1. Inspect region 2-20 for any residue being over 30 Å from Asp86 (Cβ atoms) and touching a helix residue (DSSP H, G or I) at 6+ places or on another chain (Cβ under 9 Å) and give the result as yes or no.
2. Considering each of Leu14, Leu25 in turn, give the residue that is surrounded by 13 or more Cβ atoms within 10 Å (Cβ to Cβ), closer than 18 Å to Ala143 by Cα, of a type outside the set (Lys, Arg) and in contact with a Lys or Arg (Cβ under 7 Å, 6 or more places away or on another chain).
3. Looking only at region 109-121, filter to residues that are surrounded by 11 or more Cβ atoms within 10 Å (Cβ to Cβ) and free of Cβ contacts under 8 Å to residues at least 12 places away in the same chain; which one of those is farthest from the chain's Cα centre (by Cα)?
4. Residues to consider are Arg46, Arg50, Arg110; find the one that is within 28 Å of Ser136 (Cβ to Cβ) and touching a strand residue (DSSP E or B) at 6+ places or on another chain (Cβ under 6 Å).
5. Just one of (1) at pLDDT below 95; (2) within 19 Å of Phe19 (Cα to Cα) trips up Thr112, so point out which.
6. Answer yes or no as to whether Glu75 is charged (D, E, K, R) and surrounded by 11 or more Cβ atoms within 10 Å (Cβ to Cβ).
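The values are calculated or read from the model by the stated rules, or taken from the named source; none is laboratory data. This structure is a prediction, so every number in the text was calculated from the model and none was measured. Here the Cβ positions follow ideal geometry from the backbone for every residue, glycine too, while neighbour counts run over all protein chains shown.
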Amino acid sequence: MNDNSSLHTTATELRLATFRLARRLRSVRALDSMSDAQLAVLAALRAHGRHSVTALADRERVTAPTMSAVVTGLEEQGFVIRIPDDEDRRRVQVEITARGVEIVDDTVERRTQLLMTEITELGLSDDQLRTLLEASTLMRKLAEL
């Protein structure tokens, strides 16, 4: 195989594997009624702290009205609160509540447990586990571009 063909094959296989694994992981959550979009917002707030609705929309690559609707749904369920901005009282910041943190943490743990179970079922060798860890480091770099 030439370099371009090899790169194309690698990219295709990585895309397919990532998509399938992500779909399986997304199906595991602490609250079945929570959408992927809602969980993504909670996870962003958990990881990065308060955000304006506009900043959350930019982070999740959706429109501000769409994000506003997501935040409203989360607020109604007690997972986030809106706090007046310290510098401009006309603006608000969205902050995750303790209940929201609990949902994120529980979902993350459930997903980790799923992967641990499935990795165990594969019966990987120590070398294969190291390879998987190295691959995950490279995948994270790709995701952060």
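1. Just the residues of region 2-20 that are over 30 Å from Asp86 (Cβ atoms), to begin with: 2-20.
Checking the rest, the ones that are also touching a helix residue (DSSP H, G or I) at 6+ places or on another chain (Cβ under 9 Å) come to 14, 18.
Looking for residues that are over 30 Å from Asp86 (Cβ atoms) and touching a helix residue (DSSP H, G or I) at 6+ places or on another chain (Cβ under 9 Å), one finds at least one in region 2-20, hence yes.
2. Values: Leu14 fails: in contact with a Lys or Arg (Cβ under 7 Å, 6 or more places away or on another chain).
That would be Leu25, the only listed residue that is surrounded by 13 or more Cβ atoms within 10 Å (Cβ to Cβ), closer than 18 Å to Ala143 by Cα, of a type outside the set (Lys, Arg) and in contact with a Lys or Arg (Cβ under 7 Å, 6 or more places away or on another chain).
3. Only one residue fits best here, namely Glu118.
4. Details: Arg50 fails: within 28 Å of Ser136 (Cβ to Cβ); Arg110 fails: touching a strand residue (DSSP E or B) at 6+ places or on another chain (Cβ under 6 Å).
Only one candidate qualifies: Arg46.
5. With (1) at pLDDT below 95; (2) within 19 Å of Phe19 (Cα to Cα) applied to Thr112, the lone miss is (1).
6. Working: charged (D, E, K, R): yes; surrounded by 11 or more Cβ atoms within 10 Å (Cβ to Cβ): yes.
Considered against the rule, which asks whether it is charged (D, E, K, R) and surrounded by 11 or more Cβ atoms within 10 Å (Cβ to Cβ), Glu75 comes out as yes.
So that you can scan it fast, the table gives a plain yes or no per residue for (1) charged (D, E, K, R); (2) more than 28 Å from Ile119 (Cα to Cα); (3) surrounded by 15 or more Cβ atoms within 10 Å (Cβ to Cβ); (4) over 17 Å from the mean Cα position of the chain (by Cα):
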{"residue": "Thr10", "(1), (2), (3), (4)": "no, no, no, yes"}
{"residue": "Ser33", "(1), (2), (3), (4)": "no, no, no, no"}
{"residue": "Ala40", "(1), (2), (3), (4)": "no, no, yes, no"}
{"residue": "Ala47", "(1), (2), (3), (4)": "no, no, no, no"}
{"residue": "Arg50", "(1), (2), (3), (4)": "yes, yes, yes, no"}
{"residue": "Val53", "(1), (2), (3), (4)": "no, yes, yes, yes"}
